[in-house]
1. Where in segment 59-114 are there GluC sites (Glu not before Pro) that are in a DSSP coil and have at most 12 other Cβ atoms within 10 angstrom of their Cβ?
2. Would you mind calculating the relative contact order of segment 20-175 from Cα pairs under 8 angstrom and at least 6 residues apart, reporting the percent as a whole number?
3. Rounding to the nearest 20 debye, state how big the charge dipole of segment 202-263 is about its Cα centre with +1 on each Lys and Arg Cβ and -1 on each Asp and Glu Cβ.
4. Calculate, in nm to one decimal, what Val59 and Glu90 gain on full extension: separation in residues at 0.36 nm each, minus their alpha carbon distance.
Amino acid sequence: MSSLSFPLDGDGLTVPRRSVDTAPTSESASSTWPHFMTGQAEQPVKVILVDDDPHVRRVISNELLADLRINLVGQAASVREGKRLISTQELDVMLVDLNLGDGTGFQLIEYLKHVRPAAEAVVVSAMEDEEKAISAFELGATGYLVKNSWFGNFPQAVLQVVNGGASITPNLARRLIHRFDASGRSLRGTKSAARWPAGSSCCDQMSEREREVLRLVALGYTTCEIGKRLAISDQTVKSHIRNIYRKLHVRTRAQAVSQASLQGLLY
């Protein structure tokens, strides 16, 4: 394991840096990463990590720092420090625990989506909690990982969400899926009222191409993968997804898939 330096800034916030002489070699996974995917050695994904457990932060940060495709730009141990990082650092992904000494990760997800709406949020939790996962997704998170079952795979999770996918601990994902039923109940187990303007139909509003894109989103394909499967550009895919968000009145892929399932758009 290469040696890493962890200087402190003025507020005692740990900001890891990869030293030049200990950077991973070209034989790392980044050397085979497709050129069209976000996260390249010359332009890595910028990540912040918020967790009040120093051991967990050390383990996860070492994983992230060992991957040339990722640049860990800062760490925090509290809601206050997390908000400071979000407001001062350019970032693409936030890994955040839900239980913090001075508040919750939900506060940081909501703050992130307000200050930097394009950034992704991934929960790293000690427990598989369906209700908390749903709450995080409703706030805009695109991932929910259980720490003990995900060690060794945090770089994979970061790269997955930043390329348009979602990253959810498999056992939890399966349980969430089973909470849907044929009667059109939501994840929380209650009937979900349609959100469409009076006199209009969601099916009428959605074009066939948009429904095609939406089905691929629901299957977990990234923007680049959708473009290749449909033989259209990434920008065209992004334009379709924006239109889907607008028509479904949602802000994230997880919300779009949930709402589309309730409206019968995935069948």
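Only the coordinates and a few stated rules stand behind these numbers; no lab work does. Fair warning: this is a prediction, and the values are worked out from it, not measured in the lab. Heads up, the Cβs are rebuilt from the backbone with ideal geometry, glycines too, and the neighbour counts pull from every protein chain shown.
1. In loop regions of segment 59-114 (DSSP not H, G, I, E or B), the sparsely surrounded GluC sites (Glu not before Pro) are Glu90.
2. Details: 272 pairs, mean separation 31.1, N = 156.
Here the relative contact order equals 20 percent.
3. Roughly 160 debye, rounded to the nearest 20.
4. 8.9 nm
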